[in-house]
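Below is one structure, written out as structure tokens; the observations come after it.
All of the numbers you see were taken from the coordinates with simple rules; none came from a lab. Since we're looking at a predicted model, the values are computed, not measured. Glycine gets a Cβ as well: all are built from the backbone with ideal geometry, and neighbour counts include every protein chain shown.
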Amino acid sequence: MRLLASERKLAAAERAEDRQDRAELRKLLLGMRDDRLDVERDLEREQDQASEDRQDSSEDRKASAGDRLASDRDRRMAALDRLEASTDRQVASGQRTRKRIRFD
């Protein structure tokens, strides 16, 4: 009888120990799962941020190219303005010369 009671106690203790081990393992696995989910969320955020950075960079390059085109246009317009001013001066000089020729 004592042997049977001892075996039962031992079996109960082993089952309790197994339950405790399973609970600890479950807790560990849940913690690992939470860590994995955190890592996946962080990775997703980093990928989204990288995508936004690439998009911003692309928009910056487009804006920069637009600025260069605008500055090229501005330079061309300034050159045309100088040419026009030079032409106006030449015309005015020619008119003055004609007036002098008439009065001379």
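Can you bin region 1-58 into rounded, prolate or oblate? Criterion: square roots of the alpha carbon gyration tensor eigenvalues sorted a ≥ b ≥ c, rounded for a/c under 1.5, prolate for a/b above b/c, oblate for the rest. Walk me through the intermediate numbers first.
Values: a/c = 15.07, a/b = 13.43, b/c = 1.12.
Verdict is prolate for region 1-58.
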For this session: Determine the distance separating the Cα centre of region 59-104 from the Cα centre of region 1-56; give it in Å without decimals.
Result: 77 Å
Problem set entry | Semi-axis lengths, Å, the chain, gyration tensor of Cα atoms, sqrt of 5 times eigenvalues | 98, 5, 4
Exercise. What residue among M32, G66, T87 has its Cα farthest toward the positive end of the dipole of the chain, where the charges are +1 on Lys, Arg and -1 on Asp, Glu, each on the Cβ?
Worked result: T87
